[in-house]
Every structure is written in C-alpha cells, then in structure tokens.
1. Check off (1) touching a helix residue (DSSP H, G or I) at 6+ places or on another chain (Cβ under 9 Å); (2) under 23 Å from ALA161 (Cα atoms) for ALA208 and give me the number that stays unchecked.
2. Quick one: would you say ILE189 is modelled with pLDDT of 95 or more and surrounded by 14 or more Cβ atoms within 10 Å (Cβ to Cβ)?
3. For segment 214-233, how many residues meet the condition of being exposed (fewer than 15 other Cβ atoms within 10 Å of the Cβ) and in contact (Cβ under 8 Å) with a residue 12 or more places away in the chain?
4. In the set ALA75, ALA91, which member is of a type outside the set (Val, Ile, Thr) and either surrounded by fewer than 21 Cβ atoms within 10 Å (Cβ to Cβ) or within 17 Å of GLU183 (Cβ to Cβ) (or both)?
5. Where the second residue is exposed (fewer than 13 other Cβ atoms within 10 Å of the Cβ) and the first is assigned to a loop (DSSP other than H, G, I, E, B) and lies in segment 182-199, which pairs have Cβ atoms under 8 Å and are six or more apart or on separate chains?
6. Name the single residue that is nearest to the chain's Cα centre (by Cα) among those in segment 146-178 being among the small types (Gly, Ala, Ser) and exposed (fewer than 15 other Cβ atoms within 10 Å of the Cβ).
7. Among the residues of segment 127-145, count how many are part of a loop (DSSP other than H, G, I, E, B), charged (D, E, K, R) and either within 20 Å of the chain's Cα centre (by Cα) or at pLDDT below 95 (or both).
8. Any residue that is at pLDDT below 90, closer than 16 Å to ILE142 by Cβ, touching a Gly at 6+ places or on another chain (Cβ under 8 Å) and not hydrophobic (A, V, I, L, M, F, W, C) - is there at least one of those in segment 96-106?
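The values are calculated or read from the model by the stated rules, or taken from the named source; none is laboratory data. Note that the structure is a prediction, hence the values are computed from the model and not measured. Using ideal geometry, Cβ is built from the backbone for each residue, glycine included, and neighbour counts are taken over all protein chains shown.
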Amino acid sequence: MLSSISIRSRLDRSSETRRPAATAASGACLRSSSRRTAFSLIEIMAVMAVITMTAGFVVSALKGLVGGNAVDAGATKLGGLLNLARSEAIAQHTIVRFVVATNWTPGDADGSMRRVSLWAWQPESGQYLPITKWEELPVGLILEKGIPDYVRTAAYAQSDAATVRGSSVLADDSAAAASFAAETNFGTISTRYIEFNPNGSARIPGSADRQAIFVAAQGYADASNNITHTAVAAGHAANWAQLNVDTLTGRTHVYRP
C-alpha cells in the first residue's frame, strides 16, 4: 500500500515538473505564429505599389473604352444624318444641306465643330429651312478642321490611298465656297455644308473631288476654333472616325484606325 502511494506521488511530481515546460513551449509556439502572420512595412509597401499599378492600368483601359464608345456613337450619328440628308433630298425632290456649325453663338464655343443639322431648299419661300434640330456629337468628340495628316498614315489609308483623297468643307481654304449663314432662334450661326441632290448624288461647294471627307476625333475647340486632342498617341489623335461621302452616289463610308 505504501509502495503504491509512493509511486503515485512520484508520478504526480514528475507531471508537475513537465507541465511548465509544455506551457512554455506552447507560448513560444503562439509567439512564433504571431510573428509569422504579421506583415513588415516593406511587404505592405510592395502590396500597395502593385495595387496602384493595377488601378492605373484599369483606369487607362476604361478611358480608352469610354473614348472608343464616344467615337463609335459620333460616327453613327454623323453617318445617320448624312444618310438622312440623301434620303430627304430624294423623297422631297429638293436640295438638302448637311450643315456643320463652325462658329456657334458667342460665348458658347462648345457648340462649334460639334453641332450639325439638315436644311432643305423650300421653293415657296426661296430659302433653306431646317428639317432637323441641331444634333450634338458625344461629349469629348469634335470635327477636325480639314483632313489631318494622321489619317494618311492609318492602316486603311496605307492599303488604299483613295480613302484619303477628297476635300473637307471644314478646311480654311473652303471658307469662301462652302460657308452658309444659318438663321436660327439663337441668332446667325456660321456654318459649312455639303449638299445632296434630288437624284441622290452629293456636291462639295467649290470642289470637283469625288469624296467629301469628315474626321471626328476626341478633343475640344477653344473660342478661336483651335483644336486640342484629349487622346493622343505619337503626337496626334489616338482614336477617330473618318466619314467619306461619295459625291457620285451620295453614299457614306466610315473608316476607323
């Protein structure tokens, strides 16, 4: 009996001796785990740098997508109005002008080179009258003053030089022949135009070229109609739409870079 008690006593003392060691080992393990789950300042900075770079790429991609959508929408609107002008000329058996505002009302430069409308010849009154309201291009899109050099280096122009042969009534040298003073509720607006004939053909005032060319790009104009591009690559507009009106048929073709 004494022997049994003695053995249990020795076992209890042995267990008490080992317990602090186990507790110490457990604490060390927890401290080690705590150290492993913490991040150093360098690691945090590296993660933040990656997040910043990724966000930059995403924002750039979104800007490009939004800009591309604006160009698409602008090309669709311009093409639709050009086709409508031809259709109305045939249907009404009269001359219909596709008119671009080159100098909108004073104090509203935002409308210059961005607003367009259709005007039809009215034999009864002996004048051109509007048959559509003034349509505005999407925000951030503007019509170029002429045929810019960058379109001539586009892939479609390199494969077919005829796509960039033509005239632009928005060029400075077309001012005398293609100007039209549009009398509106806003006052007299300076414009340029091409016109569609009752047989569906088109005419470029002051030019015998086969194609009338309009180029819409991302940008804006100041009060003097100086254009600044907002999306630039290699020193010129990065995204645009070129619309060619075949004067023989009156049909419109759209080209994109």
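1. Exception for ALA208: condition (1).
2. no
3. The number of residues fulfilling the criteria is 2.
4. ALA91
5. Filtered contacts from segment 182-199: PRO198/HIS93.
6. ALA155
7. So the count comes out to 2.
8. Scanning segment 96-106, I find no residue that is at pLDDT below 90, closer than 16 Å to ILE142 by Cβ, touching a Gly at 6+ places or on another chain (Cβ under 8 Å) and not hydrophobic (A, V, I, L, M, F, W, C), so the answer is no.
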